[in-house]
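Asks: First the structure, which I've put down as structure tokens, then a few questions once you've had a look.
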Amino acid sequence: MKKLLYILCLLQVPSVVAAQENDEYIHRYVGIGIRASVFQVSELPVNIIPPNRILINIDPIKYARAEFHFGRYASTREIYYSSFTGTPTLLKLKDVSTVVGFGVFGTYPVGKAKFLAGMRYSINNYEQGDIDFDTMGNPYVITNTGKISILSGVAGGEYYFSKWFSIGAEFSLVSMDDVFDPADPASQNQTTTTSITESSLVFRFYPY
């Protein structure tokens, strides 16, 4: 009977070791992901900022992370506008917005989870279609431009479902300085500062 119990104990050792290995944190050096932001409706800025970003993060050690991100938004609006002669004119207004930036974070792994806190800085360049009129009162399309400087304080975490994939959530306090440059040379630049909160989901794949 004692021999049988001894054999059963030996058979259980590999499964216990495997379970411990599954719970052990495995450091990954490179991650590629998508961050999907969710703004409050009342917090949306006047000029569109791409809400979804492509992320590339590099974790040289398990307590630090550098991250680069990119996002793009583009849309076209068609508007029929009556000209001076009364004939409707189809005008196409294009809005284009591109954001690039980087972030630095401190990270702390606990089991299959990793918590992080740090800062992101981004530049968002945009073009915004608008309508102007010539001396005869006929409408035509003009393009306003602008640049938004974005500084975010970030706190969040991610859970590793495997060493290749994680899902995380982040909360940010965001400050934005928007410098709007009208196409009309008679108009002056306008600068607007806005502060909002931002929450987002993050999906990351770890190839290495």
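No value in this document is a laboratory result; all are computed from the given coordinates. Since the structure is predicted, the reported quantities are computational estimates derived from the model, not experimental observations. Cβ: placed from backbone, ideal geometry, glycine included. Neighbour counts: every protein chain shown.
Asks: Which whole-number percentage describes the relative contact order of region 85-144, with Cα contacts under 8 Å and a sequence gap of 6 or more? Walk me through the intermediate numbers first.
Replies: Working: 84 pairs, mean separation 20.2, N = 60.
Relative CO of region 85-144 lands at 34 percent.
Asks: Normalised radius of gyration for region 49-100, please: alpha carbon Rg relative to 2.2 N^0.38 Å, two decimal places.
Replies: Normalised Rg, Cα atoms only: 2.11.
Asks: So what's region 103-208 giving for Cα Rg divided by 2.2 N^0.38 Å, two decimals?
Replies: So the Cα radius of gyration is 1.60 times the expected 2.2 N^0.38 Å.
Asks: Given charges of +1 on the Cβ of Lys and Arg and -1 on the Cβ of Asp and Glu, with all other atoms neutral, how large is the dipole of region 86-141 about its Cα centre, in debye to the nearest 20?
Replies: The dipole magnitude comes to about 640 debye.
Asks: Given a Förster distance of 35 angstrom, what is the FRET efficiency for residue 130 paired with residue 173, based on the Cβ-Cβ distance and rounded to 0.05?
Replies: Result of the calculation: an efficiency of 0.65.
Asks: Need one word for region 41-143: rounded, prolate or oblate. Basis is the Cα gyration tensor (sqrt eigenvalues a ≥ b ≥ c); a/c below 1.5 gives rounded, then a/b vs b/c decides.
Replies: Working: a/c = 4.66, a/b = 4.07, b/c = 1.15.
Cα axes put region 41-143 in the prolate bin.
Asks: At 0.36 nm per residue, minus the direct Cα-Cα distance, what do residue 90 and residue 165 gain on full extension? Give it in nm, one decimal, please.
Replies: 22.2 nm
Asks: Here's something else I'd like to know. Using a Förster distance of 22 angstrom, determine the FRET efficiency expected from the C-beta separation of residue 140 and residue 192, and round it to 0.05.
Replies: Once the sixth-power term is evaluated, E becomes 0.25.
Asks: Identify the residues of region 94-117 with backbone N under 17 Å of a label point that sits 7 angstrom from the Cα of residue 151 along the Cα-to-Cβ direction, or state none.
Replies: 101-105
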